[in-house]
Amino acid sequence: MTSPISSAETGHDHDHDHDAGHSRQKLPSDPALRVQSLESLLVEKGLVDAAALDAVVEAYEHRIGPRNGARVIARAWVDPAYRQRLFADATAAIAELGFSGSQGEHMVAVENTSRVHNLVVCTLCSCYPLPLLGLPPVWYKSPAYRARAVIDPRGVLRELGLEIPDEVEIRVWDSTAEIRYLVVPERPARTDHLSEDDLAALVTRDSMIGVAKVAS
Amino acid sequence: MNGIHDLGGMQDLGHIPYARTEPVFHERWEGRIFALNRCAGAWRKWNLDASRFQRELIPPAEYLRMSYYERWVEGLVALLLKTGLLAREELASGRPSPGTSKVEPLLTPDKVWPFIARGTPANRDVQAQPRFQVGQPVRTVNIHPEGHTRLPRYARDKAGIIVRDHGVFVYPDTNALFQGEQPRHLYCVRFGAQELWGPQANAQDSVYLDLWETYLEAP
């Protein structure tokens, strides 16, 4: 009998409905079977520990995500000295708040203003600042976004609901090396009364990629 | 390699499948293959660049058909075979080959968080005189290697300006092929949108890429 790991499945139904509403419930898809056999084989050989796999999944499902990045942004909004450190050496400034590690080893922060709008992409794979934003969403990894963000950033932003006036300069950051980019969005107007925690709650994942603004 | 992964500038790939929120993993197996890559990668039989290159080797039609994590399954299986961590007959049978002894997992649960939080820095403490200075105009080389490169097609043979010297970093083009890290200077280079895309682009827009010294020459 052939194990389900070895053969790249072909021709099966591939209606990947990755939208949030995604509710189909079927028998395990082929990749599910392949991954299950691969996992049990690697565990049986002692190459991986099943509990370590659980710990990795747990870390990315619960411990790492856009709330981390939002803390950095809110601090930069309320603390001018921190803001200065963030733009001078983002990796160190981010580590001050306890965030570091895999795919955030070398960070650069870029600032959105009334005159400049920054947008982050990885055209070659799907590089993303994991310690601050968690794992990338499906749309960020999609061929359409990777292809168009560099040639038509204004069209991409319009499609995602953000119109950038012609006089605003757009800077697209293509993550071609191990440098990861964090967009520091503009602080919304009329938020002077808000605490750092309240401000962090306003900051969205999309605003730190550069496909949205922060609303007050 | 001029592969399908080098997507920058393509225009016929349809709408962006945007969702405002979504689960971290859409199905359980996505989390398992992500974690398997991390835990098997801890043996250091390959490196990050080699794992990227392995996914780039998926044939174009398959690459576009597959979801992101399906490519990770293909890439991991290929690397396990290539590096000898798995034998073909084990993959075929789903069982360890008779006579092989069980090893002790390298990444135990207690080591997972420190491993993630430490990361794997790609800079190297090597003294190398930078060939270029911030503010200097440069031109990218016109290369089409069959191996791995992080110089996308859309940015080859284009004029840009050095905006930052990141320091000395592992060179993916050799590291991906197991030919050593050969670290060298990495620069952030700004390209005007019209230099890349012609008059259809907005004159004040620009694209920034991080490029190794070897990809650049004085104009």
Requested in this report: Between beta-carbons, use under 14 Å as the cut-off and find the net charge around B:N202, counting Lys and Arg +1, Asp and Glu -1.
Outcome: -3
Requested in this report: Would you order A:Y181, B:Y68 from fewest to most other beta-carbon atoms within 10 Å of each residue's own beta-carbon?
Outcome: B:Y68, A:Y181
Report summary line: Distance in nm between B:D125 and B:A159 label points, each 7 Å along Cα→Cβ, equals 4.1 nm
Report summary line: When B:T108, A:T91 are ranked with the fewest other C-beta atoms within 10 Å first, the list becomes B:T108, A:T91
Query raised in the report: Given a Förster distance of 60 angstrom, what is the FRET efficiency for B:T100 paired with A:R190, based on the Cβ-Cβ distance and rounded to 0.05?
Result: 0.35
Report task. Hey, can you grab everything whose amide H is under 5 Å from the amide H of B:L216? Only 5+ residues off in sequence or another chain; H modelled, so Pro and N-termini drop out. Result -> B:V141
Query raised in the report: For chain B, what number results from the quotient of the Cα radius of gyration and 2.2 N^0.38 Å?
Result: 1.20
Query raised in the report: Span-like helices, chain A: DSSP H, alpha-carbon axial extent 15 Å or more, mean Kyte-Doolittle 0.5 or greater, which ones?
Result: none
Report task. Filter the chymotrypsin sites (Phe, Trp or Tyr not before Pro) in region B:146-191 down to the DSSP loop ones having no more than 15 other Cβ atoms within 10 Å, then list what survives. Result -> B:F178
Query raised in the report: So what are the ³J(HN,Hα) numbers for region B:7-21, from phi and the Karplus equation (6.51, -1.76, 1.60; θ = phi - 60°), rounded to whole Hz, Gly and Pro as x?
Result: 8, x, x, 5, 10, 10, 9, x, 6, 7, x, 6, 9, 5, 9
Requested in this report: Only helical DSSP H runs with n ≥ 4 go in: add -39500 (n - 2.57) per run for chain B, normalise by residue count and round the 222 nm mean residue ellipticity to 500 deg cm²/dmol.
Outcome: -8500 deg cm²/dmol
Query raised in the report: With contacts defined as alpha carbon pairs under 8 Å and 6 or more residues apart, what's the relative contact order of region A:101-192 in percent?
Result: 48 percent
Report summary line: Taking every other residue with Cβ under 13 Å from the Cβ of A:R85 and scoring Lys and Arg +1, Asp and Glu -1, one gets -1
Report task. Note down the relative contact order for chain B as a percent, whole number, built from C-alpha pairs under 8 angstrom at least six residues apart. Result -> 20 percent
Report summary line: Candidate cut points under GluC sites (Glu not before Pro) in region A:87-171, DSSP loop plus at most 14 other Cβ atoms within 10 Å of their own Cβ, are A:E163, A:E167
Query - Longest DSSP-loop-exposure-free segment, trypsin sites (Lys or Arg not before Pro), chain A, at most 11 other Cβ within 10 Å - result: A:27-114
Requested in this report: Per residue, how big is the convex hull around the C-alpha atoms of region A:64-209? Give it to me in cubic angstrom, could you?
Outcome: 108 Å³
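Here, each number is a calculation from the coordinates, and none is a lab measurement. All values derive from a computational prediction rather than experimental measurement. Positions of Cβ are backbone-derived with ideal geometry, glycine not excepted, and every protein chain shown enters the neighbour counts.
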